[in-house]
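K.L.:
Here it is, the structure in full.
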């Protein structure tokens, strides 16, 4: 079903979400779209207005509790944007269209990846050539397509510190040797990225600058 917009006041704050009605689901789900900077709220098609409002209130307060740093720190504010773990001023950012912003970020991120992937591949002794692409994924950080030699990374990573990005690159490169996520996979990953767990937690916590592990 096409999306709608839902607005609800929660503890004095007006919350606006993109609403998606699904006929084949019985559960409610609230997530945050990193690229568009808005909430996505998926609801059962036949749920009532009261059910939707009550559940949104519960889910939003839970999100606020679990991710306080993200509600305080947006990806962009005015012409300042979080890029590679730092606030960077980009003149005219606030006036750019969404397509122009995505194009700009993709160019910056791809430039980094084209240097980092070969560097980390060499570190591992990985001789497999890779085609690198960037996508606007919402639920994954990267994917290694063995048949085509393509590794695709989520554009949302561009906001994080390089060392956090590199942990995702190493994760995908290890898939050149081990396709699943079993013990052999993590043993090899930790060999090249001993601090993988703390970087992974930073991703989950939407911690662009490494505060969760004492970077700053």
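Nothing in this text is a laboratory measurement; each read-out follows from the coordinates by a stated rule. Remember, predicted model here, so these are calculated numbers, not experimental data. For neighbour counting, all protein chains shown are included, and Cβ atoms are generated from backbone atoms with ideal geometry for every residue, glycine included.
K.L.:
Taking the 0 to 90 degree range and rounding to the nearest ten, how far is the long axis of helix 162-174 tilted relative to the main principal axis of the chain, both from C-alpha atoms?
P.N.:
70
K.L.:
Highest mean first, how do 181-191, 112-122 rank when packing is the count of other Cβ atoms within 10 Å averaged over residues?
P.N.:
On the way: 181-191: 13.3, 112-122: 15.5.
Ranking the peptides 181-191, 112-122 by packing returns 112-122, 181-191.
K.L.:
Using the beta-carbon distance between residue 49 and residue 103 and R0 = 22 Å, what value does 1/(1 + (r/R0)^6) give for FRET efficiency, to the nearest 0.05? Could you put the intermediate results ahead of the total?
P.N.:
Working: r = 39 Å, r/R0 = 1.75.
Once the sixth-power term is evaluated, E becomes 0.05.
K.L.:
Right, another one. Semi-axes of the equivalent ellipsoid of segment 4-66: what are they in whole Å, largest first, if each equals the square root of 5 times a C-alpha gyration tensor eigenvalue? Before the final figure, lay out the partial values.
P.N.:
On the way: eigenvalues 63, 38, 24 Å².
Semi-axes, largest first: 18, 14, 11 Å.
K.L.:
Hey, what angle do you get for helix 183-192 against the long axis of the chain, alpha-carbon based, 0 to 90 degrees rounded to 10?
P.N.:
Result, in degrees: 70.
K.L.:
Remind me, relative contact order of the chain in percent, using alpha carbon pairs under 8 angstrom and six or more residues apart? Please report the intermediate quantities before stating the final value.
P.N.:
Details: 287 pairs, mean separation 31.5, N = 216.
So the answer I get is 15 percent.
K.L.:
Mind checking the full-extension length gain between residue 111 and residue 177? Use 0.36 nm per residue of separation minus the Cα-Cα distance, one decimal, nm.
P.N.:
On the way: separation 66, 0.36 × 66 = 23.76 nm, distance 2.53 nm.
Here the segment from residue 111 to residue 177 would lengthen by 21.2 nm.
K.L.:
Further question: Helix-only mean residue ellipticity at 222 nm, the chain, DSSP H runs n ≥ 4 weighted -39,500 (n - 2.57), per residue, nearest 500. What is it? Kindly include the intermediate steps, with their values, before the conclusion.
P.N.:
On the way: 6 runs with 82 residues, N = 216.
Calculated from helices alone, the mean residue ellipticity at 222 nm is -12000 deg cm²/dmol.
K.L.:
What's the Kirkwood radius of segment 91-143 in Å, using all Cα pairs? It would help to have the intermediate numbers written out before the result.
P.N.:
Numbers: mean 1/r = 0.0763 Å⁻¹.
Final number for the Kirkwood radius of segment 91-143 is 13.1 Å.
K.L.:
At R0 = 30 Å, how high is the FRET efficiency between residue 33 and residue 57 if r is their beta carbon distance? Nearest 0.05 is fine. Don't skip to the end; give the middle numbers.
P.N.:
Values: r = 20 Å, r/R0 = 0.66.
It comes to 0.90.
K.L.:
Also, quick follow-up: Return the Rg/Rh ratio of segment 97-213 with Cα-based radii and a Kirkwood Rh.
P.N.:
Working: Rg = 13.9 Å, Rh = 14.6 Å.
Dividing the radius of gyration by the Kirkwood radius yields 0.95.
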